[in-house]
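The values are calculated or read from the model by the stated rules, or taken from the named source; none is laboratory data. Because the structure is predicted, anything quoted here is derived from the model rather than measured. Positions of Cβ are backbone-derived with ideal geometry, glycine not excepted, and every protein chain shown enters the neighbour counts.
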């Protein structure tokens with residue numbers, strides 16, 4: 001855990017959805033609630049089908065990979081969030097999220113994250129990111145070579 005410069009974090013988050021439309025006092029509350037975490041290359045942050053997320057993560061530096069069944073389906077860069085589907089549902093993550101190179105994330109506790117994600121803007125953000133990730137996952141799956149199935153005559 002690294003010390004947080006609340007003003008710098010608030011300025012950064014204020015440029016990124018869904019935080020970019022928050023009133024200043026709410027943005028400050030989010031910035032004051034979290035902590036910085038550094039991850040090394042290849043380190044798993046969330047694990048597919050494991051424990052549910054208890055934080056909302058925002059990539060500050062570097063990047064993270066979304067991995068589904070050992071295939072990288074997306075790379076998230078600074079300003080992008082992850083962990084919200086698992087946090088909102090209480091279900092296991094649908095993807096493993098691992099550091100792509102090293103990365104620094106701002107980690108927001110569930111209580112504060114849920115205030116943001118349950119708002120109309122937060123709900124729209126969640127819906128849009130889920131749609132984008134499902135589409136990218138579909139493109140990745142369709143790009144994989146077709147393998148003969150058991151019992152097929154290829």
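Residue under question is residue 40, and the condition is that it be buried (at least 16 other Cβ atoms within 10 Å of the Cβ), more than 27 Å from residue 119 (Cβ to Cβ) and in contact with a strand residue (DSSP E or B) (Cβ under 8 Å, 6 or more places away or on another chain); does it hold? So residue 40 does not fit the description; no.
Looking for something closer than 26 Å to residue 22 by Cα, under 12 Å from the mean Cα position of the chain (by Cα), at pLDDT 70 or above and surrounded by fewer than 19 Cβ atoms within 10 Å (Cβ to Cβ) - is there at least one such residue anywhere in the stretch 92-104?
Applying the first criterion (closer than 26 Å to residue 22 by Cα) to the stretch 92-104 yields 103-104.
If we keep only those that are under 12 Å from the mean Cα position of the chain (by Cα) as well, we get none.
No; the residues of the stretch 92-104 include none that is closer than 26 Å to residue 22 by Cα, under 12 Å from the mean Cα position of the chain (by Cα), at pLDDT 70 or above and surrounded by fewer than 19 Cβ atoms within 10 Å (Cβ to Cβ).
For the stretch 1-37, the tally of residues that are free of Cβ contacts under 8 Å to residues at least 12 places away in the same chain and surrounded by 11 or more Cβ atoms within 10 Å (Cβ to Cβ) stands at 4. Residues in the stretch 54-81 that are in contact with a strand residue (DSSP E or B) (Cβ under 6 Å, 6 or more places away or on another chain) and closer than 18 Å to residue 34 by Cα: 10 in all. When you scan the stretch 106-120, how many residues do you find that are out of contact with any helix residue (DSSP H, G or I) (no Cβ under 9 Å at 6 or more places or on another chain) and within 16 Å of residue 45 (Cβ to Cβ)? Count: 1. For the stretch 1-88, no strands (runs of 3 or more DSSP E) sit wholly inside it while including 3 or more residues that are modelled with pLDDT of 95 or more and on the phi > 0 side of the Ramachandran plot.
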